[in-house]
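This report refers to the structure that appears directly beneath it.
The values are calculated or read from the model by the stated rules, or taken from the named source; none is laboratory data. The structure displayed is predicted, hence computed values, not measured ones. Please note: Cβ atoms are built from the backbone with ideal geometry, for glycine as well, and neighbour counts cover all protein chains shown. SASA here: full protein model, heavy atoms, side chains in, ligands and nucleic acids out. Shrake-Rupley method; radii C 1.70, N 1.55, O 1.52, S 1.80 Å.
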Amino acid sequence: MTRGKFVTIEGCEGAGKSTQVRLLCEWLDSLGIDYVFTREPGGCKTSEAIREIILSNDYAGMDAGCEALLYAGARLQNLRDTVEPALAAGKLVICDRYVDSSFAYQGYARGLGFEFVESINRKALEGHTPDLTLFLDIRPAEAFQRKHGADKSDRMECEGLAFHEKVYEGYKEAQRRFERIVSVDCGGSKEETAENIKKILTQMGIVEA
Ligand code: TYD
């Protein structure tokens, strides 16, 4: 059995990732492709429980290192429970956020550093480098303007614009380090962005359309 492909999707707050993920799944369904969709933090029972803690406003004072470790723990469990079995069964796996979120949010915006994030994720990452990472490339300032403001419901969303701009810089830094991260032009309509994603997946041989 050939191993399946592993594709992750990243973006800053307000980039329209939820919509793009939905449109992507609809497209894969229409093509009859056998894929597994999962998300971080979460995706399996244990990691969904960790998600509740990480995103809850009850823990506003959470230490950045603790936050990074919780994301890494949720990641490891979801790899074991969801991602690894699907890849082994030859399925395409689409994961909404992955380790690059930790590089951008915890490593860069929280200031913990890339090396720290890499070290605590080593166990999770062994043999689980994505074949492709799609980065919805739009600056938070622009995205928020388009959406007429930011959502402010969970603990991460409550961070200000300066934090989210740093997250964007973190993604750019990750892109300089990892060739697998491809920018998706998000300057047009959501339909145009969805077309851009389809084009990349087809051109890279991830999906045969
Ligand atoms: P979610 O509601 O899934 O946000 P989004 O729709 O933007 O993906 O919440 C996930 C939040 O967790 C989001 O603010 C990004 C953050 N995050 C990190 O800070 N580090 C990580 O490693 C991951 C996976 C997510």
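The figures follow:
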quantity: Label-to-label distance, nm, for residues given as SER183 and THR202 (7 Å Cα→Cβ offset); calculated: 2.3
quantity: Ranked order, MET1, MET62, MET156 - accessible area, probe 1.4 Å, largest first; calculated: MET1, MET62, MET156
quantity: Residues with amide H under 5 Å from that of GLY11, placed H, sequence gap 5 or more; calculated: LEU136
quantity: D (Stokes-Einstein, µm²/s), Kirkwood Cα radius, region 161-209, 1.567 mPa s at 4 °C; calculated: 104
quantity: Under Karplus coefficients 6.51, -1.76 and 1.60, residue-wise ³J(HN,Hα) of region 39-54 in Hz, glycine/proline x; calculated: 9, 10, x, x, x, 8, 4, 5, 6, 5, 5, 5, 4, 3, 6, 4
quantity: Centroid-to-centroid separation of region 165-203 and region 33-110 [C-alpha atoms, Å]; calculated: 20
quantity: Over 31 Å between alpha carbons, listed pairs LYS5/LYS123; LYS152/LYS172; LYS123/LYS190; LYS123/LYS152; LYS166/LYS198; calculated: LYS123/LYS190; LYS123/LYS152
quantity: Inter-probe distance in nm under a simple model that places probes 7 Å from Cα toward Cβ, at LEU31 and GLU169; calculated: 3.7
quantity: Cβ-Cβ FRET estimate between TYR59 and ASP151, R0 fixed at 22 Å, reported to 0.05; calculated: 0.75
quantity: Cross-link reach list, aspartates and glutamates versus LYS147, counting only Cα pairs under 12 Å and skipping chain neighbours closer than eight places; calculated: GLU13
quantity: Summed residue charge, Cβ within 13 Å of PHE144's Cβ, Lys/Arg positive, Asp/Glu negative; calculated: -2
quantity: Where GluC sites (Glu not before Pro) fall in DSSP loop in region 58-148, at most 12 other Cβ within 10 Å; calculated: GLU126
quantity: Accessible-area ranking of THR133, THR46, largest first, probe 1.4 Å; calculated: THR46, THR133
quantity: Cβ-defined net charge surrounding VAL117, 12 Å radius [Lys, Arg +1; Asp, Glu -1]; calculated: -1
quantity: Dimensionless Rg ratio for region 66-209, taking C-alpha atoms and the 2.2 N^0.38 Å reference; calculated: 1.10
quantity: Ellipticity estimate at 222 nm from DSSP helix runs (n ≥ 4, -39,500 (n - 2.57)) divided over the chain, nearest 500; calculated: -13500 deg cm²/dmol
quantity: Label-point separation in nm, ALA49 to ARG122, each point 7 Å along Cα→Cβ; calculated: 2.8
